[in-house]
Structures are given as structure tokens and as C-alpha cells.
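Read through the structure below, which is laid out as C-alpha cells, and then see the notes.
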Amino acid sequence: MYRRSLLALAAAPALARAQGFPDRPVTLVVPYAPGGSADVLARVLAPPMSEFLGHPVVVELRPGAGGNIGAAHVANGVRADGHAMLLGSISLATAPALQAISFDPLRDLVAVAALGAVPSLMVVSPDSPFRSLGDVLAAARARPGEVTFGSSGPGTGSHLAGVLLAAQADVEMTHVPYRGSGAVYPDLIAQRIGFLLDGMGSSAGQVTAGAVRAIGITAPERSAQFPDVPTLAESGLPGFEFLIWLGFFVRAGTPEPARQRLEAAVLHALSLPGVQEKLRQSSTMPLPPTGAEFGRWFAADVERWQGLVRQGKLARLE
């Protein structure tokens, strides 16, 4: 059903085609290091997008500052003509709340289309007494501040997921940051920390290998890969959702026909069975795909993180 919807959207009239867009290669800026999920997925989508547009889509890596360097380049440093796109992530929503940046994502960028999102698994040591989210929350309420959760560093997805969980459950838990997700697992397994909320791209393999035990997932629905793992929403936190998302943006002021043409190219690529299989393998789930739908979803995500800062439940990093 999702693929049929994408095919219909991609086949919609492409106004910009008649106006000769694009007339040269399109640069797809990935603001993260080589080999990461954003880089890998960008290179999966670039060839079918190139074929659709009739010009190459060239992946350009501009890593640094948690994605803000590449994002600022597209927001402030390129012509607003559609020949440069950004593959942005959740950091676009969290950065304005957490730190000073040189651009305003809602003012300076316009959504083209969503790529998808990866949920996180709530994992514990195989020997942990925590068998469910309810166990974790009961312990946190009985002993405020004593339940700990690890992360791969301040401001990372695993940190933000833990903060969001504590805020929505109205409990006090202690954040223990590490340098990268690989450093967290030994302490998690040894029960030196209580739990970890880690993206399925890295946590699923640990669960499958039996190194850790999954007690919840941050998606709105259960995962086909782990059908026995309940969502956190059904485990005592109604409406809870945390997704590490990816989506395409252009600089504000880009002509709407050009944005529509890029949107159609993305939706065409996402409709292909081979691309959908790659997304499935990377645990990527669909989001509202069109620029209009994704733009509204993105704006709500920005507001969610800014609201947590205003409420004093999330501290700025500076």
C-alpha cells in the first residue's frame, strides 16, 4: 500500500520538467561522516534519483558539529535554485533547542520529502532485573535519580530518547554519557548502567546475538523484526514515540516547481522494490512522505524539543 501511494505521488505532474529543471548535476549534501547510515542511504537513493531527473545526483559529505556544518551550508551557502539538497536528520530539530547555530531550520530550509526513520530499542543486560518499562519506571519512582541510562554522548539520539522518556514519565533518572555507542554496551551488559535506548541499526544485532535483552521499542507500532517486543506507548507511556529520522531539504526561496521536481524524484526512488528492501534491512520505517506532510511533522518535532527546554527537562549543551 505504501509503495502504491509513493508511485502515485511520484507520477503527479512535474511542473518543473517543462521549465528545464534541473539543468546540471544536483548536489546532495550529507552532513555526517562516511559510512554512516545517512551516507549509505544517500548512495542507495542517488542513482534512481539521477535517472528520474536526467542529471547526476552527487553525494557530497560535509560532516562536523553534529550535522550543523553541512546543514548551515545548504541553509546559508548555496543558491536557492534546487541544485543543492540536504539530507537532514533529527539533529535539525534538536539543535535549535540545545545550542546556538548559524541558521534557523524552520526559516532557512524547506522540506522536500521524508526518507524514513529508525526507532530505538530499550535494551538491558540479560541479567538485569528489569523485565519491562514498568519495572524501570517503578524503580525510578521508588529511588529518584538512582536508575541510570547510558548514551553515546550528550545530544545524541540515545541521550535525547532517555530525556524524553524521563520527561514523559515524570521521573528522575541519571544520564551517563559515553564516547560512542560501542563504549556503552560493556557497561550495560555488566549492569553498571540500567538501560540504553539505542537505534535499531546498532541495537538489533546486539539483541539478536543475545548480548542484551530488548524490553521496548520507541516506534508507534511493534517491529516485524522483534514482534514480541512491546512499544513503550503500550507499556505505560501512551503516545510515546522517538524516531531517528532522515529527510530531504532545500534552501528557503527555492522555486516551488524545482522543489516539486526533487520531491517527485525522491518519491520515485523510495517506491522501487530494491530501495525498499535496503530500507527494511536498515530498520528504516516510513514517515509522511511528501514535502508538505513531512514539513508539518518536522515543525512539530522542533517544537517538541524546544518545549522540553522551556520546561527545564532538557538542558542546553552550551
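For region 97-133, how many residues are farther than 18 Å from SER203 by Cβ and of a type in the set (Asp, Glu)? Give the steps one after another, and end with the answer.
First pass over region 97-133, keeping only residues farther than 18 Å from SER203 by Cβ: 97-115, 129.
Now narrow it down to the ones that are of a type in the set (Asp, Glu): 104, 108.
Of the residues in region 97-133, 2 are farther than 18 Å from SER203 by Cβ and of a type in the set (Asp, Glu).
Of all residues in region 87-146 being hydroxyl-bearing (Ser, Thr, Tyr) and in contact with a strand residue (DSSP E or B) (Cβ under 9 Å, 6 or more places away or on another chain), which is nearest to GLY157 (Cα to Cα)?
The qualifying residue nearest to GLY157 (Cα to Cα) is SER120.
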- Message: Take residues that are modelled with pLDDT under 95 and under 18 Å from HIS159 (Cα atoms) and tell me which of the helices (runs of 4 or more DSSP H) falling wholly in region 178-289 contain 3 or more.
- Response: 181-189, 200-208
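State whether the residues of region 164-177 include one that is surrounded by 15 or more Cβ atoms within 10 Å (Cβ to Cβ), under 20 Å from the mean Cα position of the chain (by Cα), under 17 Å from GLY153 (Cβ atoms) and not β-branched (Val, Ile, Thr). Full working, then the answer.
Here is the first cut: in region 164-177, the residues surrounded by 15 or more Cβ atoms within 10 Å (Cβ to Cβ) are 164-169, 171, 173-177.
Filter once more, keeping what is under 20 Å from the mean Cα position of the chain (by Cα): 164-168, 177.
From the residues that got through so far, the ones that are under 17 Å from GLY153 (Cβ atoms) too are 164, 177.
Narrowing the set further to residues that are not β-branched (Val, Ile, Thr) leaves 164, 177.
Yes.
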- Scan the helices (runs of 4 or more DSSP H) fully inside region 15-90 and keep the ones with 1 or more residues being touching a residue at least 24 places away in the same chain (Cβ under 8 Å) and farther than 22 Å from PRO105 by Cβ. 15-18, 37-53
- Note on the structure: Taking region 99-113 and keeping only residues that are closer than 21 Å to LEU160 by Cα and in contact (Cβ under 8 Å) with a residue 60 or more places away in the chain, one is left with GLN99, ALA100, PRO105, LEU106
- Odd one out for ALA269 among (1) under 20 Å from TYR32 (Cβ atoms); (2) touching a strand residue (DSSP E or B) at 6+ places or on another chain (Cβ under 7 Å): (2)
- Within region 302-318, tally of residues that are surrounded by fewer than 16 Cβ atoms within 10 Å (Cβ to Cβ) and either hydrophobic (A, V, I, L, M, F, W, C) or under 23 Å from GLU256 (Cβ atoms) (or both): 3
- Message: What's the number of the only condition in (1) assigned to a loop (DSSP other than H, G, I, E, B); (2) at pLDDT below 90; (3) within 20 Å of LEU165 (Cα to Cα); (4) touching a helix residue (DSSP H, G or I) at 6+ places or on another chain (Cβ under 7 Å) that LEU308 fails to meet?
- Response: (1)
- Task: Starting from residues that are in a helix (DSSP H, G or I) and without any contact (Cβ under 8 Å) to a residue 40 or more places away in the chain, keep the ones in region 140-177 and report whichever is nearest to GLY36 (Cα to Cα).
- Result: HIS159
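The values are calculated or read from the model by the stated rules, or taken from the named source; none is laboratory data. Everything quoted here is computed from the prediction, not taken from an experiment. A quick note on method: Cβ atoms are made from the backbone with ideal geometry, for glycine too, and the neighbour counts reach across all protein chains shown.
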